[in-house]
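Computed from the coordinates by the stated procedures, all read-outs in this text should not be read as laboratory data. Just so we're clear, the structure is a prediction, and the values are computed from it rather than from any experiment. Neighbour counts are summed over all protein chains in view; Cβ atoms, including those assigned to glycine, are modelled from backbone coordinates with ideal geometry.
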Amino acid sequence: MTSSNRHADRRSPYVFDVLELGRRAGAMKEIQVSLPAPADLGSDVIAVPQDSEIDLNLRLEAVVDGVLVTGTAAGSYRGQCARCLDPIEGEETFDLQELYFYPGHEVDEDDNLVVDEAIDVEGALRDAVVLELPFTPLCDPECPGLCQECGFNLNEDPDHGHGDKADPRWGKLAGLLGTDN
Ligand SMILES: [Zn+2]
Ligand SMILES: [Zn+2]
């Protein structure tokens, strides 16, 4: 996101023409389209799989300084529980809101611009997904994770333990001290 003389990548399905809005403040255009998800949409631990379907429901509205995009992107995500490493998947609707300035406007480095009478909403989609998907995904808020001794998934047996190695009296003491085992 740098200079204003870049060109819109017309091959990207996430680039939409805004020519018909004619820079008339108040002019509006609605877009409803299903598109394949771009690569790396999310983080290492949770993401929208590449090429999975994203349902975009956007409103493009000409405002004084540019084009305001609001709407939603619905799609599925896949990831891994940060505690037990089990796969996680689900559906999510991401909220998008982004202003694209007309060229000639004083802009900051990371401002979005209307380029060649088109806007590229992929960055806005990326921001929305990263913002809304959990930083530390969990299969369940109460997930007990893995046994620290053997790596057994404690979701499969909450009573999992390693026998009576410890003297039960010590176990009792540990209990009083508020520690596990
Ligand atoms: Zn888990
Ligand atoms: Zn164990």
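So how far apart, in nm, are the two label points at V63 and D159 if each is 7 Å from Cα heading toward Cβ?
Label at V63, label at D159, 6.0 nm between them.
Quick check for me: using +1 on Lys/Arg Cβ and -1 on Asp/Glu Cβ, what's the dipole size of the range 15-132 about its Cα centre, in debye to the nearest 20?
Result for the range 15-132 is approximately 300 debye, rounded to the nearest 20.
Evaluate E = 1/(1 + (r/R0)^6) for E117 and Q97, where r is the Cβ-Cβ distance and R0 equals 22 Å; express this FRET efficiency to the nearest 0.05.
0.55
Quick one: grab the alpha carbon gyration tensor of the chain, order the square roots of its eigenvalues as a ≥ b ≥ c, and give me rounded if a/c is under 1.5, else prolate or oblate depending on whether a/b is larger than b/c.
The shape class here is prolate.
Show me 33-46, 115-128 ranked by packing, highest mean number of other Cβ atoms within 10 Å first.
Highest to lowest by the protection proxy: 115-128, 33-46.
Work out the FRET efficiency for Q50 and R10 from their Cβ-Cβ distance, taking R0 = 22 Å, and round it to the nearest 0.05.
Between Q50 and R10 the formula returns 0.60.
Roughly what angle does helix 168-177 make with the longest principal axis of the chain, taking Cα atoms, 0 to 90 degrees, to the nearest 10?
40
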